[in-house]
Amino acid sequence: MHDKIKLAVWGVGRHARKRILAAIEDAESLELIGLCTRDQTVGKEEADRSNCLYFSSSEEMLSDPRVDAVFLCTPTGLHFSQGKSVLQAGKHLWCEKPIATSFKHSQELIELAINKNLFVGEAYMYKYHLQFKKLKNIVENLQFGKLKRLICRFSIPTLDQPGFRINPDLGASALLDLGSYTFSLANELFKGQPTFELAEYYKDDKAIDQNGFCVLGYEDGIKAILEWSYNSCYINQAELWFEKGTITTDKIFSKSDDYCPVLRVRMLSGDFEDEKLLSENSYVNMLDHFSHCTTERSTNDYEAILSTSRMISAFAKQVRMPEISWQ
């Protein structure tokens with residue numbers, strides 16, 4: 001058995017406190033060394049609760065020889081510059097999705113990691129849950145024939161505390177925040193880079209994109225229909241159309257640890273049956289996966305990271321989205 005990865009967390013916002021720190025406690029492959037965040041009060045309180053160090057600056061954290069890897073939980077717009085500093089300091093980079101706002105920057109981080117023999121993990125946690133693994137297995141094994149359509153929607157209502165989502169300088173973007181999940185799912189279920197048969201988006205008076213929609217075309221008439229939105233009703237759903245039936249499932253992306261997903265299978269006859277799956281913590285599973293890849297210096301995840309990033313940047317260019325540098 002390998003020694004535990006000694007991890008530091010950079011950014012201690014609501015998501016980190018609710019999801020990441022709790023998952024680190026439950027992950028057998030990790031030891032939390034310390035936290036670094038701008039809010040010293042929150043940082044010290046969480047460090048005391050977690051019985052770990054509080055780093056007063058990123059320089060202190062990155063220069064600490066005890067830190068093997070850094071989990072970056074800061075706003076999207078900061079990922080590239082901060083992620084680059086993590087890798088340049090010789091630490092493995094585990095990062096909230098997406099790891100950068102452009103394909104070029106994603107590629108640069110991956111190349112830097114490879115050159116320094118370091119690992120980069122992108123935190124699309126849904127991929128490590130039984131719900132997704134079951135769907136992917138059905139697709140790959142042709143259980144209901146070939147997958148012909150994916151219809152995926154991810155939208156959230158107006159938040160009382162939207163945080164970085166209303167700040168363009170921090171990478172506020174429904175595409176990067178929510179749409180990225182839908183592109184990731186399409187990338188996982190279909191092969192090849194698609195063409196955009198339809199692509200559109202809406203931005204507010206702050207030039208922040210609020211929603212988007214696209215139809216992706218693959219070979220043999222296969223299509224993915226993706227939609228995402230801020231300030232809408234909560235939808236977190238995927239529907240897969242096969243040659244011999246369909247599968248619909250809710251909460252494909254984010255979900256509580258005790259949520260038991262259901263796959264609603266509809267046959268050609270129109271009859272359906274529900275398959276209830278067990279609950280599990282996708283964040284713990286993801287962290288253990290990152291730990292393994294860090295120890296083994298795996299590069300298996302990089303193709304998925306770059307392929308999804310390429311699709312997101314291609315959408316932005318297709319609709320001429322101006323507010324984030326895509327070059």
Could you work out [θ]222 nm for the chain from helices alone, using -39500 (n - 2.57) per DSSP H run of at least four and dividing by all its residues? Round to the nearest 500 deg cm²/dmol. -9000 deg cm²/dmol
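Rule-of-thumb check for the chain: C-alpha Rg over 2.2 N^0.38 Å?
Compactness ratio reported: 0.99.
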Which three extents, in whole angstrom, do the alpha-carbon atoms of segment 130-203 cover along their principal axes, largest first? 44, 30, 18
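Ratio of segment 182-327's C-alpha Rg to 2.2 N^0.38 Å, to two decimals? Kindly include the intermediate steps, with their values, before the conclusion.
Working: Rg = 17.7 Å, N = 146, 2.2 N^0.38 = 14.6 Å.
Computed over Cα atoms of segment 182-327, the ratio equals 1.21.
Would you please report the Å³ per residue occupied by the convex hull of the alpha carbon atoms in segment 1-148? If you can, show how the numbers build up before the last one.
Details: hull volume 22.0 nm³, N = 148.
Dividing the Cα hull volume of segment 1-148 by its residue count gives 149 Å³.
Can you give the Rg/Rh ratio of segment 86-214, where Rg is from the C-alpha atoms and Rh is the Kirkwood radius?
Numbers: Rg = 17.1 Å, Rh = 17.1 Å.
Result: Rg/Rh = 1.00.
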With N set to the residue count of segment 117-169, report its C-alpha Rg divided by 2.2 N^0.38 Å to two decimal places. 1.74
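Leaving ligands, DNA and RNA out of it, report the carbon-plus-sulfur percent of the accessible area of segment 213-327 at a 1.4 Å probe. Could the numbers behind the result be given before it?
Details: 2670 of 5660 Å².
Of all accessible area on segment 213-327, carbon and sulfur atoms account for 47 percent.
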Report ³J(HN,Hα) in whole Hz for each residue of segment 191-196, in order, from the Karplus equation J = 6.51 cos²θ - 1.76 cosθ + 1.60 where θ = phi - 60°; Gly and Pro get x. 9, x, 8, x, 9, 8
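I'd like to compare 170-179, 203-212: which one has the highest average count of other Cβ atoms within 10 Å, and what's the full order after that?
Top of the packing list down: 170-179, 203-212.
Please compute the per residue accessible area over the chain with all protein chains in place, 1.4 Å probe, rounded to a whole number of Å².
Details: 15200 Å² over 327 residues.
I get 46 Å² per residue for the chain.
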By how many degrees, 0 to 90 and rounded to 10, does the Cα axis of helix 282-296 deviate from the longest principal axis of the chain? 60 degrees
The chain - share of DSSP beta bridges that are antiparallel (%, nearest 5): 55 percent
Send over the per residue convex hull volume for segment 25-99, Cα only, as a whole number of Å³. 95 Å³
Residues other than Glu96 with Cβ under 11 Å of its Cβ, Lys/Arg counted +1 and Asp/Glu -1, net out at 0
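Computed FRET efficiency, Cβ-Cβ of Asn115 and Ser279, R0 30 Å: what is it to the nearest 0.05?
Values: r = 40 Å, r/R0 = 1.34.
That pair, Asn115 with Ser279, gives E of 0.15.
In segment 44-151, carbon and sulfur make up what percent of the accessible area (probe 1.4 Å)? Before the final figure, lay out the partial values.
Numbers: 1990 of 4390 Å².
Carbon-and-sulfur percentage of accessible area, whole number: 45.
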Sort 104-115, 140-151 by packing, meaning the average of other beta carbons within 10 Å per residue, with the highest value first. 104-115, 140-151
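The values are calculated or read from the model by the stated rules, or taken from the named source; none is laboratory data. It should be emphasised that the depicted structure is a prediction, and the values quoted were computed from it without experimental measurement. Using ideal geometry, Cβ is built from the backbone for each residue, glycine included, and neighbour counts are taken over all protein chains shown. Just so you know, the surface numbers come from the protein's heavy atoms only, side chains and all, with ligands and any DNA or RNA stripped out. Shrake-Rupley method; radii C 1.70, N 1.55, O 1.52, S 1.80 Å.
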